[in-house]
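Just so it is clear, none of the values below were taken in a lab; they were calculated from the coordinates. Remember, predicted model here, so these are calculated numbers, not experimental data. All Cβ positions, even for glycine, are placed from backbone atoms using ideal geometry, and neighbour counts span all protein chains on display.
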Amino acid sequence: MLMVEAGTDQVPNDTTTVLKALALTRLLCPSTNIPSTTALATLDPASGRANGLLRGANVIMPNVTQPKYRELYQIYPGKAGLHETADITTARIRQQIESLGRSIGQGPGTSPALLRRDEA
């Protein structure tokens with residue numbers, strides 16, 4: 001994967017920095033939805049999304065776009081899952097989540113903060 005060195009005035013674009021940002025965001029915003037993104041899976045194909053979930057993320061948005069259209073939307077080089085079908089992507093993500101001992105939510109994904117606000 002192509003990695004561009006960050007200049008002295010830029011934040012590094014590496015997995016460790018992303019995971020630290022996720023953890024810090026979770027501490028500062030405990031009731032918000034935080035995604036473990038495709039970009040993180042691209043940086044670390046084997047365990048990027050899982051590591052994101054272990055460090056504060058609580059949402060994954062699988063790419064279910066048909067492969068022929070995925071090719072047309074490459075916002076960064078080497079994007080994870082570019083040549084997979086939606087079924088393969090979903091099965092892989094499901095396996096990663098279950099391997100962490102977590103369950104997959106079936107609802108709309110409303111943030112805990114919004115649910116509490118509506119209850120008040």
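Could you tell me which label, among (1) 12, 35, 23, 13, 11, 5, 0; (2) 12, 38, 35, 14, 2; (3) 13, 41, 33, 12, 1, carries the value of P(r) over Cα pairs in 10 Å bins from 0, in percent calculated for this structure?
(2)
How far, in nm, would the chain grow between residue 94 and residue 17 when pulled straight, counting 0.36 nm per residue and subtracting the alpha carbon separation?
25.2 nm
Sequence gap at least 6, Cα distance under 8 Å: using those rules, report the relative contact order of the chain to the nearest whole percent.
The value is 23 percent.
Under the rule of -39500 (n - 2.57) per DSSP H run of 4 or more residues, summed and divided by the residues of the chain, what mean residue ellipticity at 222 nm is obtained, to the nearest 500 deg cm²/dmol?
It comes out at -12500 deg cm²/dmol, rounded to the nearest 500.
With label points built 7 Å along Cα→Cβ from the Cα atoms of residue 68 and residue 26, find their separation and express it in nm.
4.0 nm
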